[in-house]
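Some notes on the structure that comes next.
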Ligand SMILES: Cc1cc2nc3c(=O)[nH]c(=O)nc-3n(C[C@H](O)[C@H](O)[C@H](O)COP(=O)(O)OP(=O)(O)OC[C@H]3O[C@@H](n4cnc5c(N)ncnc54)[C@H](O)[C@@H]3O)c2cc1C
């Protein structure tokens, strides 16, 4: 096992040369004390520097919990293939700490400032999810500050196994993850990519099913798999394989743009770190809205500003002050509806979903990322998937003009109805419009109620419906 001083990454209170355990325990004590001191009835929120949420949060008095002591990697055991990580550590920090040891988390969400706790309580997905599932499926155990002010260790067995299986999709409404031991896997220096074109939704869906089953392509193992739909007849799967060598590597952190390369070249090589963050520089393709794909703007911005968290901050500012929306209204432009969602649909219904989506919601490109639940014997209670099925995450993040005569959330509601009709699931990091009955039927109200009564009986943290639909 390697204790944290040898780990690379940002200097941090927990990165002290000795007494890692003491430092962590001290930080836990301090946090527990400060949490218990918050007056009952006052709302609590994490004081974090970054977020990747896309729903409005209600204003009003909130107590911001200082969790800055939980942002680092505590230790790593490359041979045992695990790492102890602070719940507020960003994946950028985690990856930088682990790569020098030749390992990475089994699932690394695509945006640098997604945190471990955010991914565990709010779900995460990436191009290893077809073989490694979601981040919560790679947790060995975790410490959680529960709503009633205790710190408990949740693991698959034992006293708090209910919390372990109920934590994913709880969005900080049962408690906050302070530390998790996660599984890691060995890395190679490079990823060899093949971008394979398909001319229809049916063909791309069929190929996803086959690749998830065989895990081989052109005689090589498939280590990474995701896809991009540019139009009805231009869909790509990007198949990645670990490689010890590369004839040359591409750089998409500055002038060149990764998503455009998918259409331009059928083969590519990236360094391991660059592969993991290939989508971050341009927030998939969403950087276009901020003119960041203009070569001059790109040059001026430089690597420091070509990052998803920079775009998120600009967008959050606009959500708050509506400057562009007001200018558009003055220019007579139609009102727009944000449709920023990730949904999971079974692969056999993917073509049907994409067909309806491209007719009803004029957003392209969209991202495809297959996933399978790892252990068919378990149930993740607040976001249950059918373990016998391959699902495909479909991600779309843009805005569309509000339809004449339709409500301002018409397109989002269409997505909710369609996903339900196709036996899919919708993640809750963005806006949701369900009524309470439907919401609790979809997200396991009875189990949630039991967990809430056990871990947050005085409702010091918001309720899942209030938080994810009402924006409390
Ligand atoms: C354009 C776009 C692309 C995306 N792409 C991906 C992707 O490729 N892969 C992917 O996995 N996800 C993706 N997401 C979704 C993202 O993973 C989720 O929004 C995630 O929950 C954000 O985590 P965060 O760490 O930024 O948490 P925050 O935004 O800070 O918080 C999210 C929620 O989690 C709770 N929370 C945060 N930390 C903790 C903790 N330690 N313990 C308990 N609860 C906590 C908060 O209370 C809050 O309710 C994408 C989102 C967008 C908008």
Taking the alpha-carbon centroid of each part, what is the distance from the stretch 139-196 to the stretch 298-338 in angstrom? 33 Å
The stretch 414-448 and the stretch 221-251 have their Cα centres apart by a whole-number Å value of 32 Å
Footprinting exposure proxy for 114, 262 (fewest neighbouring C-beta atoms within 10 Å first): 262, 114
Structure-based [θ]222 nm, the chain - -39500 (n - 2.57) summed over DSSP H runs of at least 4, per residue, nearest 500: -9000 deg cm²/dmol
Please report, for the Cα atoms of the chain, the Rg to one decimal and the Dmax as a whole number; what are they, in angstrom? 21.7, 65
Which log10 I(q)/I(0) values, to two decimals, does the stretch 380-441 give at q = 0.17, 0.23, 0.27 Å⁻¹ under the Debye formula with one point per Cα? -0.70, -1.18, -1.47
Sorted by Cβ neighbour density within 10 Å, fewest at the top, the residues 77, 375: 375, 77
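Every number here is computed from the coordinates shown, using simple stated rules; none is lab data. This one's a predicted model, so the numbers in the text were calculated from it and none came from an experiment. Methodologically, a virtual Cβ is constructed for each residue, glycine included, from the backbone with ideal geometry; neighbour enumeration extends over all protein chains shown.
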